[in-house]
1. Tell me, please, whether a residue that is within 22 Å of Arg28 (Cα to Cα) and either modelled with pLDDT of 95 or more or more than 10 Å from the chain's Cα centre (by Cα) (or both) can be found in segment 65-83.
2. For segment 47-59, enumerate the residues that are open to solvent by less than 50 Å² (accessible area, probe 1.4 Å) and of a type outside the set (Phe, Trp, Tyr).
3. Output the residue which, of all residues in segment 3-19 that are open to solvent by 60 Å² or more (accessible area, probe 1.4 Å) and β-branched (Val, Ile, Thr), is farthest from Leu49 (Cα to Cα).
4. Looking at (1) closer than 22 Å to His10 by Cα; (2) hydrophobic (A, V, I, L, M, F, W, C); (3) touching a Phe, Trp or Tyr at 6+ places or on another chain (Cβ under 9 Å); (4) at pLDDT below 90, can you tell me which one Leu61 breaks?
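The values are calculated or read from the model by the stated rules, or taken from the named source; none is laboratory data. Quantities reported herein were computed from a predicted structural model and do not represent experimental measurements. Note that we place each Cβ from the backbone using ideal geometry, even for glycine, and neighbour counts take in every protein chain shown. What goes into the accessible areas is simple: the full protein's heavy atoms, side chains included, and nothing from ligands, DNA or RNA. Shrake-Rupley method; radii C 1.70, N 1.55, O 1.52, S 1.80 Å.
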Amino acid sequence: MVINSEQSRHIAPPMLTGLMVLWALLSRLLFSDTHFALSHAVSFYPVLLLFPMVVILHGQLIWQARGMDRLDQAVYALIHSLLSFVVWTFSLMHINGNSFS
């Protein structure tokens, strides 16, 4: 199956959410025994940037849509952004050791 550019634009936000989960799991596995500030930054900063990127990509999809497709994209953005925010929150908690402290 060949993915065209339209399909790749629509799949980019969920792929970033999946990348967020994978990075949280891998960084906790790789950096859990180290207590260096650099490893903490390497773990946190990519996850902190991924959620705003998801929201920006959804905004771009809404902006590029025409007619009633804008409403479809807005509903898609609302639902996925809410779910991605929950995943983002728990990813940050997982990297930090299951808490916000």
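1. Yes; the residues of segment 65-83 include at least one that is within 22 Å of Arg28 (Cα to Cα) and either modelled with pLDDT of 95 or more or more than 10 Å from the chain's Cα centre (by Cα) (or both).
2. Val47, Leu50, Val54, Leu57, His58, Gly59
3. Ile3
4. (4)
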